[in-house]
Amino acid sequence: MRAKQMPSSILTRSKSPVILLFAVTILALSFFFFFLFSPSSTTTTTAAVAVPYRYPSVRPETSFVASLEHFLAHKAPKIPASSDDTVGSVIDHDVRRLDERKFVKEMEWLRGDPYYPMSMPVRVYVYEMPSKFTYDLLWLFWNTYRETSNLTSNGSPVHRLIEQHSIDYWLWADLIAPESERLLKNVVRVVKQEEADLFYVPFFTTISFFLLEKQQCKALYREALKWVTDQPAWKRSEGRDHIFPIHHPWSFKSVRRYVKNAIWLLPDMDSTGNWYKPGQVSLEKDLILPYVPNVDLCDAKCLLESESKRTALLFFRGRLKRNAGGKIRAKIGAELTGAKDVVIEEGTAGEGGKAAAQKGMRRSIFCLSPAGDTPSSARLFDAIVSGCIPVIISDELELPFEGILDYRKMAVFISSTDAVQPGWILRYLTSISSTQIREMRRNLAEYSRHFVYSNPAQPLGPEDLVWRMMAGKLVNIKLHTRRSQRVVKESRSVCTCDCRRSNSTHSNPIN
């Protein structure tokens, strides 16, 4: 039986409400998804909720030599010239103008940013210094690094030492890279000085120390010092917001006293006083950075494969005769040499030494890390990236990023007093359970990323942690800068008044 056919006019009228309801629903959904995924909504959500770093799929370059080769060949000549508002000769008027611009900008931040001055990212102004302080020194290293016969007085390969202290290169290369190539979000380069929280001085102090003749090096140090201290921003703060990479304890030594207010990037605090004068360095103003590891990173696959090969209990390779706190090495070496499952080798940081150290660390459970000429030693970071649990014997050691990282979870600390007691080190290490060892090695695998410099700089890498630590210093930096400006201003006004009185007295001797 055929269905009854409805008149077309009735059918049209019956569909109209359905079509209208459908259209309204589509329109409502369109508005919902627009506001949900609009840029403003995304920005609001990002500000309210911490968004984790997204890790890049491109493998970063961690070799200093390979990264430098690429930088000099491809990036250095093509870096876009950004406007640089530094001046050649500075007068008081320049300093006052910068101070006024800085005041206006800081008031904007204070009113507009509820987290100021603790907000991120850290704004860094990178000085565009003459090439003799930057690119020329990098080219000097590149053109001479194959000369392995170039040794220090104690037999260490010069170019290997430069690599270990090349933190100046890794930080600078990241800061000046185009923003589209950078991965770090907690630091941004600014091109106007009044917008800066901090000022970075890209002078390669370690390369110049080791590769220039002594008098030539000292002359370059003086020129760099004059160039920086002539800048308005330096005069405004007396250097308190300026960052100097002085990572080798011998570098920049002849002129350090003139930049003692600046933030120094150091390998350690050296409380012995052998390398830094009293009052020059402190944890409050300076920052300790890890050495660049001398061995390759043992990644997850390497760690898994080396698990069954770690047959040695304790490993050490290096120089047993050192100065200052490092004198304990000889005593420990004499105590441990010949002990069961212990490997103690004398060696240097040359290419053959690197291979031997890497092999030994990947076959050992624990790696001895006593003090060297300074409280720190590059060996500590070699052990970390090798998956070998460090045994730290250095009572005065200050560790990199210790405000963020808990070294107790992946290292063993032994006091110098206990270390020299016969049999104490081995008794203590053998008392550590296999469960504890597995836990520390898991933590090592997680922590190793914090000590591997790379280009591009990676989230959670050492470059990243540098700026996290720097952010924590900003309030104190601003405080001390303000206090110094207030005192200087008042003392100058007092001096002016006293001078006027003095002149008035001399011009009227009867009075």
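The values are calculated or read from the model by the stated rules, or taken from the named source; none is laboratory data. Treat the numbers as computed from the prediction; the structure is a model and nothing was measured. We place every Cβ from the backbone using ideal geometry, glycine too, and count neighbours over all the protein chains shown. For the accessible areas, the whole protein counts, side chains as well, though only heavy atoms, and no ligand, DNA or RNA atoms are used. Shrake-Rupley method; radii C 1.70, N 1.55, O 1.52, S 1.80 Å.
A few notes on this one:
- Those residues of the stretch 121-137 which are exposed (fewer than 14 other Cβ atoms within 10 Å of the Cβ) and either part of a loop (DSSP other than H, G, I, E, B) or not assigned by the TED database to the domain that holds GLU194 (or both), in sequence order: PRO130
- Count of the stretch 109-120 residues, restricted to those that are outside any loop (DSSP other than H, G, I, E, B) and either surrounded by 12 or more Cβ atoms within 10 Å (Cβ to Cβ) or in contact with a strand residue (DSSP E or B) (Cβ under 7 Å, 6 or more places away or on another chain) (or both), is 1.
- Scan of the stretch 390-423 for residues that are part of a strand (DSSP E or B) and under 23 Å from the mean Cα position of the chain (by Cα), ordered by number: PRO390, ILE392
- Filtered residues of the stretch 245-262 (kept if in a helix (DSSP H, G or I), out of contact with any Gly (no Cβ under 7 Å at 6 or more places or on another chain) and under 22 Å from LEU283 (Cβ atoms)): LYS253, ARG256, ARG257, TYR258
- Filtering the stretch 360-407 to residues that are within 22 Å of PRO249 (Cα to Cα) and of a type in the set (S, T, N, Q) leaves SER369, THR374, SER376, SER377, SER394.
- Screening GLY326 on (1) of a type in the set (Gly, Ala, Ser); (2) modelled with pLDDT of 90 or more; (3) in a helix (DSSP H, G or I) shows it passes everything except condition (2).
- Residue match in the stretch 252-266 (condition: touching a Lys or Arg at 6+ places or on another chain (Cβ under 6 Å) and polar (S, T, N, Q)): yes
Table: residues versus (1) of a type in the set (Val, Ile, Thr); (2) within 27 Å of PRO249 (Cβ to Cβ); (3) touching a Leu at 6+ places or on another chain (Cβ under 8 Å); (4) at pLDDT below 95.
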| position | (1), (2), (3), (4) |
| --- | --- |
| PRO117 | no, no, yes, yes |
| LEU151 | no, yes, no, yes |
| GLU179 | no, no, no, yes |
| LEU184 | no, no, no, no |
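- For the stretch 223-242, a residue qualifies if it is crowded, with 23+ Cβ neighbours inside 10 Å, in contact (Cβ under 8 Å) with a residue 60 or more places away in the chain and among the hydrophobic types (A, V, I, L, M, F, W, C), and the qualifying residues are ALA224, VAL228, ALA233.
- Among residues of the stretch 420-448 that are outside the structural domain of LYS340 (by the TED database), none has a Cβ under 9 angstrom from a residue that is open to solvent by 50 Å² or more (accessible area, probe 1.4 Å) and not in a loop (DSSP other than H, G, I, E, B) at a sequence gap of 6+ or on a separate chain.
- When VAL295, VAL343 are checked against the criterion of being surrounded by 14 or more Cβ atoms within 10 Å (Cβ to Cβ), within 30 Å of ARG468 (Cα to Cα) and β-branched (Val, Ile, Thr), VAL295 stands alone in meeting it.
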